[in-house]
Amino acid sequence: MAKITEKLLLEKGSPKATKLEQIKTLNLSKLTLKLEDLPVPLLSRLSALERWDLSGNRLEEFPRRLELPALRHLDLSDNQMEDVTSLEALSGLEELKLEDNLYMTVSDNYKLMVLLPKLRMYNGKDVTSSANHLRFVYNANLRTRIVAVWEKHFRLPDPVTTEKLSALSKDFVIAACQQVRFGPSSVCDFTKWRVAIMAKEYLVSLTEPTKEPEIQDSPEPKETQVVPVTPTKRKQPPSERISPTPCKKLRNSDLPESPAESSPRKSNRKVQKLTESSIAVRMSPRKKSQPPPNLTPVREATTPRRGAKLQPIREEEVEGIKQKKKKEEGLQKEDVMSSFKSCGNTQPVSLKPLHVLQCHSKKDSREDFSTQLWACAFQPQTETGSGGRLVATCGGDSLCVIDCETGMVMKKYKVSGEEFFSLAWSTVLMTRGGGRSSSAQPCDVLAAGGRRGLVKLIHPRNNVAFGEFRASRKSLSVLRFNPRQGNFLFTGSYDNKIVMWDIGGVDSQYNYKVIQLLVLEVSSPPLHLCLPPSSPSSHLLTASEEGLYFYKTQLETKSSNKSRSKEMEITFPVYEKKDHDYHTVDGLSFLTDDLVASKNYLHSSIYLWSLSRTTAQRPDKSLSVSAVVLMELQWTSTEVPYLALNTCPGLGYIVCGDDKGRLWTYHITNLQKNNFLSGKPIQPTQVLDWPSPMRKGLGGVEGPSINSVAMDPELQYLVALSDKNMVIVWKREEDMRKC
């Protein structure tokens, strides 16, 4: 990171000058700058600066005391911005870029329209109409509602004192924020923020009638606001491939013409039909890790006292130690072998590519090879017999349900401005009338979430999106249902929290109720959530940017205990390496009730380890334990994160894609027959090459990064999602079926 000095500013600025006051254009992009790296006194001398490029840095906010009267164009794309109110001093700004800022929300976009009175170009689009609507029409509607709250519930104290006014102001603001409802739910945070400011302005206008309230008053910081510490955004190495690397970079949505414009918001009673589609284009300071447990017990070494004589070890003792060690190794091997018995006696399968689809394209364009696809899951086989061949996929602003056999998109659901990151299937009860439990029957529902922090609830069979609820103000990174209690949903978000919800069931009119049950605190954004098959209602494994954590999720009888921290951290041998930071666990899945597969993306191996033996290593109730690794599987060498693995327990398979479009497959029931205690990583059963689909007139498509994979329980189909807007369906060949 380069230190910001006068010399550097003169070098990076133009035209070439000898004084900072003469610089009109300044490029400080890709210098990994943070807020504390921007010296306000020095930068304040840039009085003639008109254009400033700060893209590709690590700024969480803009220096609040920095005033640049001549600044008209500012580029803050690809940063970590999460507080746009820090830009309010730039009153002359006309053009602003804030693309690829992970924590930006729709409400933040609206705040900018109010904070920057001259803003007309935002992320390359003309927002003059939207901004004027917010500044005048929207404000007028809010003011009318704020005045109504005052006239109904409040009046000025007599006599007027500073203390009484302070208390009145606080009560009035709280009441206004609670009672004023206007605009779509996606901008409710903006509405509350704006109502709080305008309520204070209105109270000032009553106590100081000669002073007109200014619409563009400086907003005060949000009460009880906590600014979270955001993790460093992992930068990817330069690449000549057309598509971006698979970091979950969020794109700011196009602003609607009006914030009150019709949105895909659903209430309990208002049901929207899904848009059907049949697109099927045949193309496509961290915790110090502990050393792993020794196979044999070793006595603690002690330093002999000065002058003490060392006693020689007799040959009989040496031979006894060797025999004991050999016996323990034999027991260990036998114990390890027993861990794989539950995988079953199956044979490797043969898979061949069947379909490549571009069903998440922007505006259904065949030229879209930039939309990144993030999650896929097969429908459970409970409601209909077709569950084993229907898979849900998400990426960009859409969700798709695909028939793997025909390659047809059976259902498609779009939300303008959203970017979906995760989805999950579950089975809940639907009552048919009268609220009688006897009239209830199971139905499969799909939950999905992403950049907006909202969970969408969909019943694909009936083509209805029956509801939504806000799970977080930040983006949602992962969703997971409890397989034994289908109404319990876990959501992980970029505010470093995991929340457990009870979504209940639905009736024939799609009425439902959501209740928050538990909040788990995480040190970084969760990437994967896994519920142990043997205890899904009491424990949870969380893979995150900073490691792997184990939580207790058993609900307590006391409702007050709703927030919990981690029970322990599980570490891996690779943590001991010093050349990289290997703590990011970006792959996690259960192979059996006890065996867990996980990976750290900078480590070219996949660990297969025992959960029960790992958690049993806590005689002192320590917060950190070493994973009991049973097998290490050779994987690719890459610096690309978020390439998730998955498992097929029924056939003992682990599959993980790489950054070249390949699928690495491991048939554990076959591999465990090899010498897996040799200490060397075991080679994959088979590596499936990228099928290289052809584009008409443009040749083949290079292998993209495979972000996610899914398999049905019988491994008849394998679905892989890429960062180039391609869904690849592989099918099991008939002559290689399970024995």
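The values are calculated or read from the model by the stated rules, or taken from the named source; none is laboratory data. This structure is a prediction, so every number in the text was calculated from the model and none was measured. Heads up, the Cβs are rebuilt from the backbone with ideal geometry, glycines too, and the neighbour counts pull from every protein chain shown. The area values use the complete protein model at the heavy-atom level, side chains included, leaving out ligands, DNA and RNA. Shrake-Rupley method; radii C 1.70, N 1.55, O 1.52, S 1.80 Å.
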Subject >> Checklist (1) over 24 Å from residue 589 (Cβ atoms); (2) modelled with pLDDT of 90 or more; (3) of a type outside the set (A, V, I, L, M, F, W, C) applied to residue 463, failing item >> reply: (2)
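Has the stretch 499-507 got at least one residue that is in a loop (DSSP other than H, G, I, E, B) and more than 20 Å from residue 425 (Cβ to Cβ)?
The answer is no, given that none of the residues of the stretch 499-507 is in a loop (DSSP other than H, G, I, E, B) and more than 20 Å from residue 425 (Cβ to Cβ).
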**OP:** Return the residue satisfying two criteria in turn: it lies in the stretch 517-555 and is open to solvent by less than 10 Å² (accessible area, probe 1.4 Å) and assigned to a loop (DSSP other than H, G, I, E, B), and of such residues it is farthest from residue 375 (Cα to Cα).
**Re:** 553
**OP:** Look through 173, 180 and report the one residue that is under 29 Å from residue 416 (Cβ atoms), touching a helix residue (DSSP H, G or I) at 6+ places or on another chain (Cβ under 8 Å) and surrounded by 17 or more Cβ atoms within 10 Å (Cβ to Cβ).
**Re:** 180
Subject >> Qualifying residues in the stretch 680-690 (those that are buried (at least 18 other Cβ atoms within 10 Å of the Cβ) and under 17 Å from residue 354 (Cβ atoms)) - the one modelled with the highest pLDDT >> reply: 688
Original post:
So which residues in the stretch 605-637 are in contact with a Pro (Cβ under 8 Å, 6 or more places away or on another chain) and either open to solvent by 40 Å² or more (accessible area, probe 1.4 Å) or of a type in the set (Val, Ile, Thr) (or both)?
Top reply: 617, 628, 629, 632, 634
Subject >> Verdict on residue 189 being loosely packed, with under 14 Cβ neighbours inside 10 Å, assigned to a helix (DSSP H, G or I), under 39 Å from the mean Cα position of the chain (by Cα) and of a type in the set (Asp, Glu) >> reply: no
Original post:
Of everything in the stretch 556-596 that's of a type in the set (S, T, N, Q) and loosely packed, with under 13 Cβ neighbours inside 10 Å, which residue is modelled with the highest pLDDT?
Top reply: 565
Original post:
Residues of the stretch 450-476 being open to solvent by less than 10 Å² (accessible area, probe 1.4 Å) and farther than 16 Å from residue 414 by Cα, which ones?
Top reply: 472, 475, 476
**OP:** For the stretch 72-84, state whether one or more residues are among the β-branched types (Val, Ile, Thr), assigned to a helix (DSSP H, G or I) and either in contact with a helix residue (DSSP H, G or I) (Cβ under 8 Å, 6 or more places away or on another chain) or open to solvent by less than 30 Å² (accessible area, probe 1.4 Å) (or both).
**Re:** yes
**OP:** May I ask you to list pairs of residues, at least six apart or on different chains, whose Cβ atoms are under 7 Å apart, with the first in the stretch 189-204 being at negative phi and the second being acidic (Asp, Glu) and open to solvent by 30 Å² or more (accessible area, probe 1.4 Å)?
**Re:** 197/217; 201/217
Original post:
Residues in the stretch 183-202 that are in contact with a Ser or Thr (Cβ under 7 Å, 6 or more places away or on another chain) and under 24 Å from residue 155 (Cβ atoms): how many?
Top reply: 1
Original post:
What tally of residues in the stretch 394-421 results from selecting those that are among the hydroxyl-bearing types (Ser, Thr, Tyr) and surrounded by fewer than 24 Cβ atoms within 10 Å (Cβ to Cβ)?
Top reply: 2
Original post:
Looking at residue 137, is it of a type outside the set (Lys, Arg) and either open to solvent by 50 Å² or more (accessible area, probe 1.4 Å) or farther than 28 Å from residue 469 by Cα (or both)?
Top reply: yes
Subject >> Residues satisfying the stated conditions in the stretch 91-112, i.e. of a type in the set (S, T, N, Q) and open to solvent by 20 Å² or more (accessible area, probe 1.4 Å) >> reply: 91
**OP:** Kindly establish whether residue 115 is in contact with a helix residue (DSSP H, G or I) (Cβ under 9 Å, 6 or more places away or on another chain) and open to solvent by less than 10 Å² (accessible area, probe 1.4 Å).
**Re:** no
Original post:
When residue 424 is evaluated against the numbered criteria (1) modelled with pLDDT under 95; (2) surrounded by fewer than 23 Cβ atoms within 10 Å (Cβ to Cβ), which criterion, by number, is the only one it fails?
Top reply: (1)
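Looking at the stretch 156-186 only, could you name the residues that are charged (D, E, K, R) and in a helix (DSSP H, G or I)?
163, 164, 170, 171
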Subject >> Of residues in the stretch 15-34 being within 15 Å of residue 74 (Cα to Cα) and of a type in the set (Ser, Thr, Tyr), the one farthest from the chain's Cα centre (by Cα) >> reply: 25
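Scanning the stretch 40-71 for residues that are of a type outside the set (D, E, K, R) and open to solvent by 40 Å² or more (accessible area, probe 1.4 Å), which turns out farthest from the chain's Cα centre (by Cα)? I'd like the intermediate steps shown before the answer.
Step one: of the stretch 40-71, the residues of a type outside the set (D, E, K, R) are 40-44, 46-49, 52, 54-57, 59, 62-63, 66, 68-71.
If we keep only those that are open to solvent by 40 Å² or more (accessible area, probe 1.4 Å) as well, we get 41, 44, 47, 69.
Working: 41: 38, 44: 37, 47: 40, 69: 38 Å.
The extreme case among them is 47.
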